[in-house]
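Peer 1: The following block contains the structure, expressed as structure tokens.
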């Protein structure tokens with residue numbers, strides 16, 4: 001590749017020569033102030049995407065404190081230079097309260113001495129690649145945003161999220177680069193999303209932001225890598241291909257982004273180019289399956305299972321589709337959609353098949369570890385699977401989270417907290433990781449730390465019902481039952497049929513001497529079990545609160561026979577402390593297989 005001499009952008013009858021800092025119209029120079037020129041360059045570099053006010057401040061006025069009126073003045077100067085009016089913008093579009101975007105059709109050129117060369121790569125119609133020298137050395141963490149449609153009314157959210165998921169998986173294979181998981185970024189779907197603001201929120205060094213448009217049988221993709229520290233564009237690419245060549249587009253994006261920030265080894269180049277399927281229909285179905293899985297509702301989970309099954313029909317050797325199917329069945333059990341025997345059995349079959357196809361698939365090892373511990377109660381085998389998942393993919397947050405939770409149930413609390421801390425470093429805004437860190441403090445009887453941690457999570461999202469579970473237990477255990485009940489009422493306003501929340505209401509009421517209320521909740525849980533799966537573990541909890549150990553152990557025995565996934569928590573859950581002195585308790589713990 002020839003050494004780049006000059007960067008030039010062409011739109012309509014204008015030519016913007018960045019290196020020589022000159023704007024021309026029909027070959028004649030157009031006067032433009034230095035600040036207005038810098039702002040125009042930044043808007044054009046962002047390829048039609050919104051450029052936030054703070055991005056412009058950091059780029060055009062570095063290390064200076066300026067007012068918003070400065071932006072307005074410079075935008076007016078640009079409009080005059082381009083011959084347009086604010087009320088009828090042809091090039092500069094104002095997004096009220098957010099920033100600006102460039103609406104013109106731009107061709108990006110690289111001038112090499114006397115000739116103009118359009119850079120091309122392995123994809124037949126890649127237009128340009130841009131790298132800002134010296135800006136990429138500090139890129140150690142990255143977030144990939146869901147791709148946005150170029151035309152707002154032509155959204156395909158499964159495709160938009162799916163491309164991001166694929167790139168996260170590809171780039172996540174680089175051990176020197178920490179990628180935020182798809183669960184951390186899937187909420188950033190607004191069309192006018194400021195990538196720098198997202199990057200700061202996610203605490204990463206760079207953000208990969210892209211747009212996509214389907215035009216008949218073709219697909220047009222624009223993508224750029226932006227530094228969070230200064231808003232500088234580190235790399236950009238434009239692709240115009242047949243839709244069925246999406247694999248190649250993703251190959252090129254992942255390779256070029258990686259090469260812009262790290263020195264790749266031969267093995268890493270192979271990993272980046274790896275396809276888990278060559279069947280494009282199967283891949284599309286897989287993307288839809290993941291899209292529905294992330295929605296985490298009963299209806300969406302049913303659709304995710306259907307999509308993964310159809311993807312497997314198209315390609316019976318699609319390991320990622322089997323891994324996705326396993327995750328769907330595990331989550332179905334978590335949401336009480338099916339009994340553990342039904343859901344975990346299917347999950348294990350799918351996860352095992354995924355590993356038969358690809359023994360190095362970290363996601364499948366982590367899911368299998370979860371199944372082995374919470375359903376089969378095989379601690380040594382489950383721990384081995386989690387360790388293997390972490391060995392294969394050290395930056396996969398879910399492996400650290402799952403292993404941390406597993407360590408907590410066997411009382412290895414310091415190790416558990418170390419894994420949870422690592423999971424939080426990899427996915428700092430994850431509510432569930434933060435909540436499970438609080439659970440570990442709770443199980444360790446470190447109630448003040450549990451309360452502090454859970455309140456941080458509720459400050460992030462007061463509607464996260466699971467956090468109220470730990471909060472209410474910690475409050476009750478520290479002698480504040482009335483406060484605990486008040487928090488439970490908030491949670492039940494969010495999820496009125498959550499069996500765990502109801503059981504805690506019954507348990508705390510029983511401990512306060514409100515026997516009739518507690519017994520009423522037991523009947524409520526039994527009625528609920530007619531409509532959905534209700535773990536007898538929750539009913540046993542209320543009986544324990546009532547001091548009725550016989551009925552508590554009767555329920556726990558039935559739960560044991562059902563291989564309920566709550567049983568491994570028996571020894572560390574504070575709500576069952578009153579049963580510890582009973583010989584039946586230690587006998588049951590041994591039968592569960594806890595070390």
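Any read-out appearing in this document is the output of simple, stated calculations on the displayed coordinates, not a laboratory observation. Here the structure is a predicted model, which is why all the values come from computation and not from measurement. Positions of Cβ are backbone-derived with ideal geometry, glycine not excepted, and every protein chain shown enters the neighbour counts.
Peer 1: Averaging sequence separations of C-alpha pairs under 8 Å and six or more residues apart, then dividing by the length of the chain, give the relative contact order as a whole percent.
Peer 2: Working: 1011 pairs, mean separation 49.0, N = 595.
Result for the chain is 8 percent.
Peer 1: Report the Rg/Rh value for the stretch 469-568, based on alpha-carbon coordinates and the Kirkwood definition of Rh. Intermediate results must be reported in sequence, preceding the final value.
Peer 2: Values: Rg = 12.8 Å, Rh = 13.5 Å.
Here the Rg-to-Rh quotient is 0.95.
Peer 1: So, one more: For the stretch 126-275, what D do you get in µm² per second when you plug the Kirkwood radius from alpha-carbon pairs into Stokes-Einstein at 20 °C and 1.002 mPa s?
Peer 2: 140
Peer 1: Right, next: Need the full-extension length gain, residue 425 to residue 72, defined as separation in residues times 0.36 nm minus the C-alpha distance. One decimal, nm.
Peer 2: 123.2 nm
Peer 1: Kindly give the semi-axes, whole Å and largest first, of the ellipsoid equivalent to the stretch 520-564, taking each as the square root of 5 times a Cα gyration tensor eigenvalue. If you can, show how the numbers build up before the last one.
Peer 2: On the way: eigenvalues 53, 41, 7 Å².
Working through the eigenvalues yields semi-axes of 16, 14, 6 Å.
Peer 1: How tilted is helix 447-460 with respect to the longest principal axis of the chain? Cα atoms for both, answer in degrees (0 to 90, nearest 10).
Peer 2: Tilt relative to the chain: about 40 degrees.
Peer 1: What ranking do 521-528, 189-196 get when scored by the average of other Cβ atoms within 10 Å per residue, highest first?
Peer 2: Numbers: 521-528: 16.8, 189-196: 18.6.
Ranking, from highest mean packing down: 189-196, 521-528.
Peer 1: If packing is taken as the average number of other Cβ atoms within 10 Å across a peptide's residues, how do 371-377, 293-299, 546-552, 402-408 rank, most packed first?
Peer 2: My ranking of the peptides, most packed first, is 402-408, 371-377, 546-552, 293-299.
Peer 1: Based on DSSP H runs of at least 4 residues, each adding -39500 (n - 2.57), what is the mean residue ellipticity at 222 nm of the chain after dividing by all its residues, to the nearest 500 deg cm²/dmol?
Peer 2: -17000 deg cm²/dmol
Peer 1: Here's another thing I want to ask about it. With axes computed from alpha carbons, what is the tilt in degrees of helix 413-426 against the longest principal axis of the chain, rounded to the nearest 10 within 0 to 90?
Peer 2: The angle comes out at about 20 degrees.
Peer 1: Relative to the longest principal axis of the chain, what angle (0 to 90°, nearest 10) does the C-alpha long axis of helix 157-171 take?
Peer 2: The angle comes out at about 90 degrees.
Peer 1: Also: Using Cβ counts within 10 Å as a stand-in for footprinting exposure, how do 9, 543 rank, fewest first?
Peer 2: Fewest-to-most ranking of 9, 543: 9, 543.
Peer 1: Something else about it: With the cut-off at 19 Å, report for the stretch 203-307 the share of all Cα pairs above it, as a whole percent.
Peer 2: That fraction is 59 percent.
Peer 1: Right, something else. If we sort 485-497, 437-449 on the protection proxy, mean other Cβ atoms within 10 Å, highest first, what's the order? Display every interim value, and only then the final one.
Peer 2: Details: 485-497: 16.3, 437-449: 21.3.
Result, highest mean Cβ count within 10 Å first: 437-449, 485-497.
Peer 1: For each of 334, 466, count neighbouring Cβ atoms within 10 Å of the residue's Cβ, then give the residues from fewest to most.
Peer 2: Least crowded to most crowded, the residues run 334, 466.
Peer 1: I'm spelling it out carefully: the read-out is Cα extents along the principal axes in Å, the candidates are (1) 81, 48, 44; (2) 98, 50, 50; (3) 93, 52, 39, and one was derived from this structure. Which label?
Peer 2: (3)
Peer 1: Now for a different question. Using the 10 angstrom Cβ neighbour count as an exposure proxy, how do 590, 563 rank, fewest first? Before the final figure, lay out each step's value.
Peer 2: Details: 590 9, 563 17.
Lowest to highest Cβ neighbour count: 590, 563.
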